[in-house]
Structures are given as C-alpha cells and as structure tokens.
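Below: the structure, in structure tokens.
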Amino acid sequence: MNFMSDYRAYCKRIFGCRVQKISVTTGGTCPNRDGTKGTGGCIFCNNQSFTPPYCLDKHSVSSQIEAGLRFFAHKPDYQKFIAYFQAYSNTYGDTDRLISLYEEALSFDQIAGLAIGTRPDCMADDLLDYLSEKARDTYILVEYGVESTLDSTLDRINRCHHFNDSVEAILKTHEAGIQTAAHLILGLPGETRDDILGHADRISALPLDLVKLHQLQIIKGTRLADEYAKNPQCVRLYSADEYIDLAIDFIERLRPDITVERLVSQSPETWRIAPDWQLKNYEFTDKFRRRMRERGTCQGRCYTPAIGK
Ligand code: SF4
C-alpha cells in the first residue's frame, strides 16, 4: 500500500533510477545576512550545520562535485546525481555568475540535473528565464524556503519576507515549467498544532511538485540557541513520537500528488542542542511508516481542495 508520494518513486518516475544529491556550496550569502533585507539571518539558521564534509566553499564547483562523486562511489545503487546548491540563497547575486556555476555543475556527465535552494524573494526574471529554457531538456528543481505560511511567524523568526512572496515565486516558477519545491519547518516558535496543519492546507493550494519538512532544531551559533539558553520554554520541542503524529496529521491534509521528499532532518550532534531523539534517519522512517500503518491512514486522507485557497 502506498502511504505517501515518496521521493524514491518520484526519482524513478523522472530518472528511471535512484538519484543521489551532491551538495555544492558557492561561497554565497543571502539578503537576510548582508543587510539587503535584514541582518543576522533567520533565528534558526546555521548553514554549517548541514554542510557535508566534502563540500567546502573555498573549492570550485567542479572539485566539490568530484569529491562528492568519490564520496558516493561505494554506493552502486545511485546511478545518477543531482548537483544540490543548498547553503544560503543560490539564486541571489549576479545572474551571469550564477549561470556559470550551474553550467559548471552540468558539465559533468554524471550530473543529471540541478536542485537549487533559495528564498522566495530572490528569483530575478532573467535567471528564471534561463532556468525555464534549461528545464526543457534538463532536470531543474527550485526549492523555496517557505518555512511557515503565517506572516506573524515569519516576522518572529526574522525571515524578512512574507508568505505572499512564496506564493508569487512558486506560481512563477511552476508556470516557467520548472520543478518546484517548498521547505517548511514544523514547530516554529509560537505555532500551535492548528497553525502547523493550516500550512498543509495553504501549500496544497499551490502548484508544488515536492515538499520537504523537518522538525525545529536548536542549532549552536544561532539566535534561537541564545533565546533557548535564556528561556527553554520559548519553543515547543516535540519528542520523536509526538513529531511523527504531527507529521502524519500534516500529510493527511497534504494534496496527495505532492511528493514528500523529506520528513525529518538531524544535524550532527556537534551542532545540535535539541531535540536529541537518539534515532538514525532510517529508524525514524521505519517508526513513521509503522505509525502510519497503525493509524490506517495515507497522504491526502483529509485533504479538502477548497481549504487553503
Ligand atoms: S535560512 Fe536562508 S535566508 Fe535565512 S539566514 Fe539562513 S541562508 Fe539566509
């Protein structure tokens, strides 16, 4: 039984095989750090906490991809790779420079496409035109950090954009023929269960191909870590079992054709202050699937098209 539209099936449909992402950093920044939109960044953000060891921004795109290909060489299951521009905002800055970085990644025979993480207020029209043209014969995914659909939360986490920026960017990107994803964090400060489930309704009304979800983590070196040190009650941290039920409630309300690329993220212990679930990602996934079976549920069971529009 298919409980959920999952990423493995999505890759099989698009590429005919399993696909591995190779992260690439470009030494970029984001408008929420350089003063263009804000300073200090989003309160939860520390890009170092999810950057793999082979990925160093002082190295060229080519040398990071070569290192990534070596890193995954022992995994014969993966026949194709996607260059994943993950850290910071990878559509921010000079368009010609960005295009040359993408083209450098695509020059590798093993690289079957690009996944580009960015903010929704950072997509210039000329860059979107380039990506749209490229998407005619190459896999291109733009992954927008939506994080929350509530402006009050976006203000609280110093995001320096609002939900209407996400709506506009997702609509434009989808219309340009580009695969489009949204990234959301479940459990941001101040959000109730109903607030979180409301995100599922609102993003289901958008033309998204994928969503990535994860629990809120308190990461060292962030403003949230400082707040948490002063007042641990400033956030509601979920246990693994509580989060699994919350994520299942969310997925029940999610449009059934949206692929759920990810449900959880665990930064290395050296960076993570809380929560500490003592679970490997595959153990989390097993628990999650077991719980879905126990609940006899599936993605979209409570999806109502009219809600969220
Ligand atoms: S989450 Fe993205 S937008 Fe926010 S500070 Fe980090 S890199 Fe910038």
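Count neighbours as other Cβ atoms within 10 Å of each site's Cβ, and list the trypsin sites (Lys or Arg not before Pro) in segment 59-153 that are DSSP loop with at most 10 such neighbours.
Those that pass, being in a loop and sparsely packed, are Arg136.
Here are some pairs, Lys12/Lys287; Lys21/Lys134; Lys212/Lys280; which of them have Cα atoms lying more than 21 Å apart in this structure?
Lys12/Lys287
Count the DSSP beta bridges whose two residues both fall in segment 7-295, then state the antiparallel fraction as a percent rounded to the nearest 5.
Around 5 percent of the beta bridges assigned by DSSP in segment 7-295 are antiparallel ones.
Can you compute the FRET efficiency between Asp226 and Ala274 using 1/(1 + (r/R0)^6), with r the Cβ-Cβ distance and R0 = 22 Å? Round to the nearest 0.05.
The computed FRET efficiency comes out at 0.95.
Go ahead and estimate [θ] at 222 nm for the chain from helices alone: -39,500 (n - 2.57) per DSSP H run with n ≥ 4, summed, over the residue count, rounded to 500.
For the chain, the value works out to -10500 deg cm²/dmol.
Suppose every Lys and Arg Cβ carries +1 and every Asp and Glu Cβ carries -1, with no other charges. What dipole size does segment 7-295 come out with about its Cα centre, to the nearest 20 debye?
1000
Of Cys234, Cys11, which has the most accessible area with a 1.4 Å probe, and how do the rest follow in descending order?
Largest accessible area first, the list is Cys234, Cys11.
Among the trypsin sites (Lys or Arg not before Pro) in segment 245-283, which ones are in a DSSP loop with at most 16 other Cβ atoms within 10 Å of the Cβ? Mind listing them?
Lys280
Tell me which of Ser23, Ser63, Ala247 sits at the most positive position along the dipole axis of the chain, charges placed on C-beta atoms (Lys, Arg +1; Asp, Glu -1).
Ala247
Taking only protein heavy atoms and a 1.4 Å probe, what accessible area per residue, in Å², does the chain have with all protein chains in place?
It amounts to 45 Å² per residue over the chain.
Just going by the charge dipole of segment 171-309, with Lys and Arg at +1 and Asp and Glu at -1 on Cβ, which of Gln299, Ala225, Leu197 is farthest out on the positive end?
Comparing the listed Cα positions along the dipole, Gln299 ranks first.
Going from most exposed to least, what order do Arg156, Arg293 have by accessible area with a 1.4 Å probe?
Arg293, Arg156
Going Cα to Cα from Lys75, which aspartates and glutamates come in below 18 Å? Please leave out same-chain ones fewer than 8 positions away.
Glu66, Asp109
Could you please state how large a percent of the accessible area of the chain is carbon and sulfur, counting protein chains only and using a 1.4 Å probe?
48
Using a Gaussian network for the chain with springs between C-alpha atoms less than 10 Å apart, which of these wobbles most: Leu114, Leu141, Leu106?
Result for the chain, Cα springs under 10 Å: Leu106 fluctuates most.
Which order do you get for Tyr10, Tyr238 if you rank them by accessible area with a 1.4 Å probe, largest at the top?
Ranked list, largest accessible area first: Tyr238, Tyr10.
Which GluC sites (Glu not before Pro) in segment 266-309 sit in a loop by DSSP (not H, G, I, E or B) and have at most 16 other Cβ atoms within 10 Å of their own Cβ?
Glu269
The values are calculated or read from the model by the stated rules, or taken from the named source; none is laboratory data. Since the structure is predicted, the reported quantities are computational estimates derived from the model, not experimental observations. Note that each Cβ is placed from the backbone with ideal geometry, even for glycine, and that neighbours are counted across all protein chains shown. Just so you know, the surface numbers come from the protein's heavy atoms only, side chains and all, with ligands and any DNA or RNA stripped out. Shrake-Rupley method; radii C 1.70, N 1.55, O 1.52, S 1.80 Å.
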